[in-house]
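K.L.:
Sending over a structure as C-alpha cells; questions will come in a sec.
Bear in mind that the values in this text are calculations on the coordinates, not laboratory data. Computed from a predicted structure; not experimentally measured. Methodologically, a virtual Cβ is constructed for each residue, glycine included, from the backbone with ideal geometry; neighbour enumeration extends over all protein chains shown.
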Amino acid sequence: MNQSSDPSDVQPAAASLAEAGIEVLRPDCRRGDFRACIFDFDGTLSLIRRNWPDVMIPMMVEVLRETGTSESREALYAHVEEFVMRLNGKQTIYQMLQLVEEVKARGGTPRDPLEYKEEYHRRLWEQMRHRVDGLKSGQIDPEELTVPGSHRLLEQLRERGIELYLASGTDLKYVRDEAHALKLDHYFGEHIYGALDDYKNFSKKMIVERIIGDADVQGHQLLGFGDGFVEIEEVRRAGGLAIGVASDEERREGINQWKRQRLIRAGADVIIGDYRQQDTLLSWLEI
C-alpha cells in the first residue's frame with residue numbers, strides 16, 4: 001500500500017486523471033486498503049475471443065429465422081444483441097438458455113441449450129484457432145492479444161500483496177488453457193474460475209462471496225476489473241470498488257463508447273480503456 005503520509009503528494013488531480021483517460025464517476029468512493037482483486041477475462045485481460053459477438057449473434061439470428069418468424073433479419077439482430085450483451089459476464093449457457101426461450105416464443109422447437117453452446121464454441125474456435133496456436137508456438141507475443149498493460153498491472157498488484165482472482169463466464173477448461181497461452185495464469189495460481197457443465201454451481205456472485213468469506217476480506221477491501229455488467233454489479237453489491245474496462249478490442253486503444261455506456265449503467269466507479277496509465281490509476285486508488 002502507499003506509504004506517503006500526505007495523500008496530496010501521490011494522488012493525481014482530476015485534470016491528470018482525465019488526461020490519462022481515466023474517467024472517475026464516483027470521486028468520493030472509498031479507496032486504499034485493498035486486499036483482493038477480481039478480474040473478468042475476455043475483454044478485460046484477454047483479446048483471444050475479441051470477435052465472439054460476431055459469432056454468437058449471427059448464429060442466434062440464424063436459429064430464430066428458422067422458426068419462420070416474420071421479423072426482419074435487422075430486427076432480430078438488434079433483439080439478439082440486446083440480450084446477448086445484457087447477459088455478458090454470466091456463463092455462456094445463460095445466453096443459450098435465453099435462445100431456447102426465444103425459439104419457444106416464436107413457436108419453434110428448440111434444441112438443448114448445451115447443443116447450442118457446443119455449436120457456438122465450434123464456430124468460434126474456427127475464428128480463433130490461429131490465435132491460440134500462434135501463442136503456443138511462440139509466433140504471437142502474448143502482449144498482442146491482451147488488453148495493453150495487463151501483465152504489468154497484475155505484477156504491480158501482486159507485488160503490493162493483493163490476492164488476485166480470475167472469474168470468467170467462459171468454460172473453465174478454455175479459460176485455463178487461454179490464460180496459460182497468454183502467460184497470465186501464474187498471477188492467479190489456483191484462483192482461476194470459469195463456467196462449469198453444472199452451471200448452477202458457478203457464478204461471479206459465488207466467487208465474490210467466497211473471496212469475502214474464505215479469504216476474510218471485507219467488502220470495501222475488494223477491487224474489481226471488468227468489461228461486462230455482471231462483475232461490475234457484483235463487486236459494487238459487495239461494497240467494493242469497480243473499474244469498468246471499456247476496451248476497444250480491435251484497435252487496442254481508446255474507449256469503446258458502447259461498452260462505456262453499459263458499464264456506467266452497471267454502476268462502475270471508474271472507466272478506463274486499457275492499463276497503459278496504470279501508475280496514475282494505482283496512485284489514485286492509493287495502492
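K.L.:
Which value at 222 nm does the chain reach when only helices count, each DSSP H run of 4 or more adding -39,500 (n - 2.57), with the total divided by all residues and rounded to the nearest 500 deg cm²/dmol?
P.N.:
Theoretical 222 nm ellipticity from helices: -14000 deg cm²/dmol.
K.L.:
Which residue, chosen from 182, 201, 105, occupies the Cα position most advanced towards the positive end of the dipole of the chain, where the dipole is computed from +1 (Lys, Arg) and -1 (Asp, Glu) charges on Cβ about the Cα centre?
P.N.:
105
K.L.:
What is the set of long-range amide H partners of residue 146 at a cut-off below 5 Å, with H atoms built 1.01 Å from backbone N?
P.N.:
47
K.L.:
Then there is this: Please arrange 180, 220, 186 by how many other C-beta atoms lie within 10 Å of their C-beta, fewest to most.
P.N.:
The most exposed by this proxy come first: 186, 180, 220.
K.L.:
Additional query: Using amide H atoms built 1.01 Å from N in the peptide plane, name the residues 5+ places from residue 163, or on other chains, whose amide H lies under 5 Å from its own.
P.N.:
36, 37
K.L.:
Evaluate the distance, in nm, between pseudo-label points positioned 7 Å from the Cα of residue 197 and of residue 74 along their respective Cα→Cβ axes.
P.N.:
Roughly 4.4 nm, to one decimal.
K.L.:
Could you tell me the relative contact order of the chain? Use alpha-carbon pairs under 8 Å, at least six residues apart, and round to a whole percent.
P.N.:
Averaging sequence separation for qualifying contacts and normalising by length gives 29 percent for the chain.
K.L.:
Return the FRET efficiency for the residue pair residue 115, residue 14: r is the Cβ-Cβ distance, R0 is 51 Å, and the value is rounded to the nearest 0.05.
P.N.:
That gives a FRET efficiency of 0.50.
K.L.:
Going by amide H atoms built from the backbone, whose H comes under 5 Å of the H on residue 193, apart from near neighbours?
P.N.:
Those lying under 5 Å, H to H, from residue 193 are 166, 167, 168.
K.L.:
So, one more: Taking neighbour Cβ counts within 10 Å as the exposure measure, how do 125, 52 sort from fewest upward?
P.N.:
Listing 125, 52 from fewest to most nearby Cβ atoms yields 125, 52.
K.L.:
Using the crude model of +1 on Lys and Arg Cβ and -1 on Asp and Glu Cβ, and no other charge, please compute the dipole size for the chain relative to its Cα centre, in debye to 20.
P.N.:
In total the dipole reaches around 420 debye.
K.L.:
OK, next. So if each residue of separation counts as 0.36 nm, and I subtract the Cα-Cα distance between residue 264 and residue 159, what length gain in nm does that give?
P.N.:
The span from residue 264 to residue 159 would gain 34.8 nm if fully extended.
K.L.:
Could you work out how far apart the two model spin labels at residue 210 and residue 185 are, taking each label as a point 7 Å from the Cα in the direction of the beta carbon, and quote it in nm?
P.N.:
So the label points at residue 210 and residue 185 sit 1.7 nm apart.
K.L.:
Only counting other Cβ atoms within 10 Å, I'd like 49, 73, 176 sorted with the fewest neighbours first.
P.N.:
Listed from fewest to most nearby Cβ atoms, that is 73, 176, 49.
K.L.:
Among the DSSP beta bridges whose two residues both lie in the chain, what percent are antiparallel, rounded to the nearest 5?
P.N.:
15
K.L.:
OK, next. Going by alpha carbons, how many degrees (0 to 90, nearest 10) lie between the helix axis of 113-137 and the longest principal axis of the chain?
P.N.:
50
K.L.:
Percent relative contact order of segment 1-127, based on C-alpha pairs within less than 8 angstrom and at least six residues apart?
P.N.:
20
K.L.:
Which angle between 0 and 90 degrees, to the nearest 10, do you get for helix 150-159 versus the longest principal axis of the chain when only C-alpha atoms count?
P.N.:
Approximately 50 degrees, to the nearest ten.
K.L.:
DSSP loop (so not H, G, I, E, B), at most 12 other Cβ within 10 Å: list which GluC sites (Glu not before Pro) in segment 170-238 pass both filters.
P.N.:
The qualifying sites are 190.
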